[in-house]
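Each value in this text was obtained by applying a stated rule to the coordinates, not by laboratory testing. Small disclaimer: the values here were computed from a predicted structure and weren't measured. Because the Cβ atoms are built from the backbone with ideal geometry, glycine has one as well, and the counts that use them run over all protein chains shown.
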Amino acid sequence: MKDPQKSLRRLSVAVLIVALLLPGALFAAETIKIGVLFPLTGGAASAGRELRAGAELAADIANNVMPDIKMAMARNAGIKSLGGAKITLIFKDHEGNPTLGADLAKKLILDDKVHGLMGAYHSAVTKAVSGVAEQYGVPLINDSSTSPDLTRQGYKWFWRATPHDNYFTKDLFEFLKGMTEGKVKGLAAVPKKDIMNLAAACEKTEWGSAVAELIEKFAKEYRFDVKRSILYGAKATDLSSEVRSLIAVKPDAMLFASYGSDSILMMKTLKDQRAQPKILWGQNAGFEVPEFVNTLGDTTIGVLTRTVFMPKVSQVKPVAAKVNALYKAKTGNDLSGASARAFTGLQVWVHVLEKAGSLKPADIQKAANSIEIAGEELVVPWQGIKFATTGEDIGQNILGSGLIGQYQKGPSGKIDLEIVYPFALATSNMIYPFPKF
Amino acid sequence: MDILFASIVSGVLIGMVLALVALGLTIIFGVMDIVNFAHGEFLMVGMYTGLLTAQATGMDPLFALPVAAAVGFALGILCYAGFIKFLLRGPMIAQLLGTFGLMLVLRNLALLFFGSEDRALHHGLLVGKSFDVGMGVILSATKLATAVLSILSFGAVWLLINRTRIGKALTATALNRQGARYMGIPTERMNMLAWGIGGATVTIAGALIVNFWSVTPYVGLIFTMIAFTVVALGGFGSVPGAFFAGLVVGLIMEIPGFWDFLQLTFRIGWMADVPMISFKYTWIYVAYFVIMLISPRGLFGWKQ
């Protein structure tokens with residue numbers, strides 16, 4: 001005779017298995033899986049948290065009806081053309097490591113069977129991940145990696161929503177030129193010889209070294225003099241010899257491309273070594289994460305950073321104000337260039353899926369190549385989103401643009417970014433020269 | 001000219017810090033012939049101890065030094081009594097792999113408890129302070145304090161080894177363990193003491209370094225490598241050797257500064273295009289390689 005207890009146990013195991021499988025089988029068609037690769041730990045972890053929160057917020061808005069947000073994706077719950085399918089984000093932490101990023105992308109594609117990818121912040125990681133996406137024919141929409149080379153690989157499965165560093169670095173030199181022409185709000189024309197000498201320190205992976213090259217290139221074009229250009233390791237624990245090397249050439253402007261903790265270390269070392277630049281500019285990333293101001297406080301007053309978003313944008317864009325309020329409720333911080341772009345990146349995914357009306361890679365590819373998103377939809381102050389399908393930059397959004405902000409202390413005593421470029425959007429008088437440390 | 005002075009001074013200061021980092025490694029090697037691969041991880045523990053004590057109590061990070069020393073001493077003894085002691089019975093390779101394993105364990109424990117994020121001290125009596133002493137030399141208060149403490153620690157360890165009975169017992173153990181045991185020296189306890197002192201000096205160094213360097217669980221490796229170079233140059237087991245070698249390695253790290261000096265003084269165009277700074281640590285490894293090639297025993301090495 002059978003042991004009744006044993007058969008009962010068997011039965012319950014069988015029930016359990018069926019119960020576990022059932023929802024999967026029932027709802028499998030109704031979720032869209034996007035694999036998202038961000039640096040959630042490591043030196044850029046604070047940016048990673050921002051990026052993650054930005055993407056999550058966009059997914060929330062896409063998956064629910066939120067009538068008070070004037071965005072197409074807030075009108076429906078889920079993707080309408082896919083029968084209201086909801087978006088699920090699967091986050092992976094690449095720690096800023098390209099090899100790990102590529103491995104995780106493979107895992108997402110092969111094990112998690114994601115329908116698409118997003119990420120990966122660090123240009124070096126994005127490059128590795130884009131190679132994997134290309135190999136497997138899985139669409140990758142990039143939100144915030146700015147090395148120009150990424151869209152110059154001729155890939156068919158890679159699209160980039162953010163403007164790249166060619167745009168941003170040109171903005172910087174347009175800004176410097178504007179300074180000499182008296183176009184900056186609250187500042188008389190500065191003689192060119194006063195801001196002629198530049199020194200740059202960029203981190204030495206894909207992104208920073210590309211920025212260093214662009215600075216040299218545009219300096220030539222705009223006739224500025226790069227006296228010193230150094231590449232340093234973002235994981236360095238000590239930057240004093242780097243800073244001494246910069247100070248030695250007595251630069252008028254110091255330009256930086258730093259990722260995370262290195263930007264804070266750089267500022268502390270500059271202060272320690274009593275650097276006296278007239279202009280201090282950062283290529284966003286480490287210069288605009290909340291930690292930068294939270295840690296350094298008043299030292300940041302007068303620092304310039306390029307970005308694509310700052311809370312002041314909310315004053316001119318009501319939709320940005322709404323989203324910013326939601327973001328602030330979720331995280332306690334305002335949207336930044338990082339989180340706003342992660343938000344926008346996922347928004348692009350929503351629009352592409354809506355347009356594709358299918359989860360077949362070929363349909364998604366076709367939709368991405370022909371998508372046009374109006375500027376009013378976006379939180380970032382761009383004309384819109386439209387990807388290039390020909391020319392030098394394949395898959396690059398051609399309607400993006402950048403801002404340059406300056407940290408200033410408001411009447412409430414809080415340090416915020418004020419817009420100083422484009423000159424027409426300027427929200428405050430520029431502080432010049434940079435206050436002594 | 002300014003950059004020359006600044007680089008020399010900075011090299012000497014950093015050199016003293018590096019010497020302090022290497023002190024523990026050379027003591028342990030001197031007494032026991034064990035190369036401790038986990039040395040950098042001990043330093044990392046010291047950094048976290050300094051950081052967390054300062055943050056938890058709100059005290060100045062300088063007051064965390066005794067805590068770090070106690071933690072380091074205890075950690076050294078614990079590692080010896082709970083692990084290294086048993087390795088001594090095995091062949092040399094087991095000892096090497098054993099301390100290598102210890103390194104991985106400590107690093108991953110740090111990852112588990114503290115996460116992989118960079119952490120740094122932003123407040124403290126010395127943090128962010130610096131003095132302009134003229135001629136382009138700017139002394140950072142934290143580095144100066146670390147250098148002074150490095151000299152004090154070296155003095156204390158030198159006195160301990162050369163002027164006390166315990167020191168004589170340590171030296172005897174180092175020279176001839178069996179002979180020392182016949183003379184009634186408790187060699188087992190001497191070994192333990194060497195690990196304790198070694199651990200304490202390096203965690204003190206860590207608690208000081210965290211005043212100006214940020215810490216992650218991975219920070220140990222670079223310091224292990226530098227400490228190896230210092231010890232190899234100074235001679236394995238030599239305390240004064242470690243001090244002078246520290247200074248030399250500190251100056252080697254400033255090679256990019258000297259390069260800048262030459263380039264700016266003599267206005268040599270092509271020199272500006274050489275990315276010396278990107279290879280700042282490379283010179284240390286080059287030096288290590290050269291030392292091993294020319295004089296495997298180092299400057300002051302006395303052990304066969």
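State whether the protein assembly as shown is rounded, prolate or oblate according to the following rule on the C-alpha gyration tensor (a ≥ b ≥ c being the square roots of its eigenvalues): a/c under 1.5 gives rounded; otherwise a/b larger than b/c gives prolate, and the remaining case gives oblate.
oblate
Express in whole angstrom the spacing between the alpha-carbon centres of the range B:96-175 and the range A:252-316. The distance from the Cα centre of the range B:96-175 to that of the range A:252-316 comes to 31 Å. Of interest is the spacing of the C-alpha centroids, which for the range A:175-204 and the range B:185-206 amounts to 57 Å. So if I take the centroid of the Cα atoms in the range A:341-409 and the same for the range B:29-54, what is the distance between those two points in Å? Measuring centre to centre over Cα atoms gives 50 Å. Database remark: amide H of A:A85 closer than 5 angstrom to the amide H of A:I79 (H placed geometrically; neighbours at sequence offset of 5 or more, or on other chains; Pro and chain starts carry no H). Between A:K436 and A:S412, the contour length at 0.36 nm per residue exceeds the alpha carbon distance by 6.4 nm. For the segment B:276-284, counting C-beta atoms of other chains within 10 Å of every residue's C-beta and taking the mean gives 4.
FRET efficiency for the B:M59 to A:D298 pair, using the beta carbon distance and R₀ = 30 Å, is estimated at 0.80. Treating r as the C-beta distance of B:N108 and A:L110 and R0 as 22 Å, the FRET efficiency rounds to 0.20. Remark on A:E418: its backbone amide H falls under 5 Å from those of A:Q406, A:Y407, A:Q408, a criterion applied only to residues 5 or more positions apart or on other chains, H modelled at 1.01 Å from N. One decimal place: the segment A:T390-A:K360 gains 8.5 nm when fully extended, by the rule 0.36 nm per residue minus the C-alpha distance. Only beta bridges with both residues in chain A are counted; by DSSP, about 30 percent of them are antiparallel.
If you run the Gaussian network model on chain A, springs between alpha carbon atoms under 10 Å, then out of A:E221, A:E242, A:E206 the most flexible one is A:E221. This ranking places A:E354, B:E41 by how few other beta-carbon atoms lie within 10 Å of each, fewest first, which gives A:E354, B:E41. With contacts taken as Cα pairs under 8 Å and at least 6 residues apart, chain A reaches a relative contact order of 18 percent. Per-residue Cβ neighbour counts within 10 Å put B:I284, A:I398 in the sequence A:I398, B:I284, beginning with the fewest.
Just rank B:V9, A:V352, fewest to most, by other beta-carbon atoms within 10 angstrom.
B:V9, A:V352
Can you tell me the FRET efficiency between B:L96 and A:T88 if r is taken as the Cβ-Cβ distance and R0 is 35 Å, rounded to the nearest 0.05? Calculated transfer efficiency: 0.15.
Please turn the phi angles of the range A:346-357 into ³J(HN,Hα) values with the Karplus equation 6.51 cos²θ - 1.76 cosθ + 1.60 (θ = phi - 60°), one per residue in order, whole Hz, x for glycine and proline. Values per residue, Gly and Pro as x: 6, 4, 4, 4, 4, 5, 5, 5, 4, 6, 5, x Hz.
In a GNM of chain A with a 10 Å cut-off on Cα contacts, which of A:D334, A:D112, A:D262 has the highest mean-square fluctuation? In the Gaussian network model the winner is A:D112.
Normalising the average separation of contacting C-alpha pairs (under 8 angstrom, six or more residues apart) by the number of residues puts the relative contact order of chain B at 36 percent.
Between 0 and 90 degrees, the angle of helix B:239-253 with respect to the longest Cα principal axis of chain B falls at about 30 degrees. Mean-square fluctuations from a GNM of chain A, with a 10 angstrom spring cutoff on Cα atoms, peak among A:F309, A:F224, A:F168 at A:F224. Considering only Cα-Cα distances, which of the following residue pairs are longer than 23 Å: A:K127/A:K227; A:K33/A:K107; A:K414/B:K143; A:K113/A:K355; A:K220/A:K409; A:K193/A:K436? Correct reply: A:K127/A:K227; A:K414/B:K143; A:K220/A:K409. The packing ranking, built from the mean of other Cβ atoms within 10 Å per residue, places the peptides B:245-254, A:357-366 in the order B:245-254, A:357-366, highest first.
Looking at the square roots a ≥ b ≥ c of the eigenvalues of the Cα gyration tensor of the range B:68-112, which shape do they give, rounded for a/c under 1.5, prolate if a/b is larger than b/c, or oblate? Verdict is oblate for the range B:68-112.
For a label point 7 Å from the Cα of A:K156 along Cα→C-beta, name the residues of the range A:103-130 whose backbone N is under 18 Å from it. Label zone hits: A:116-117, A:130.
How many Cβ atoms of partner chains, on average, are near each residue of A:241-254 if near means within 10 Å of its Cβ? The partial results should precede the final answer.
Values: counts 15, 4, 0, 12, 11, 2, 6, 11, 5, 1, 0, 0, 0, 0.
Per residue, the average neighbour count from other chains is 5.
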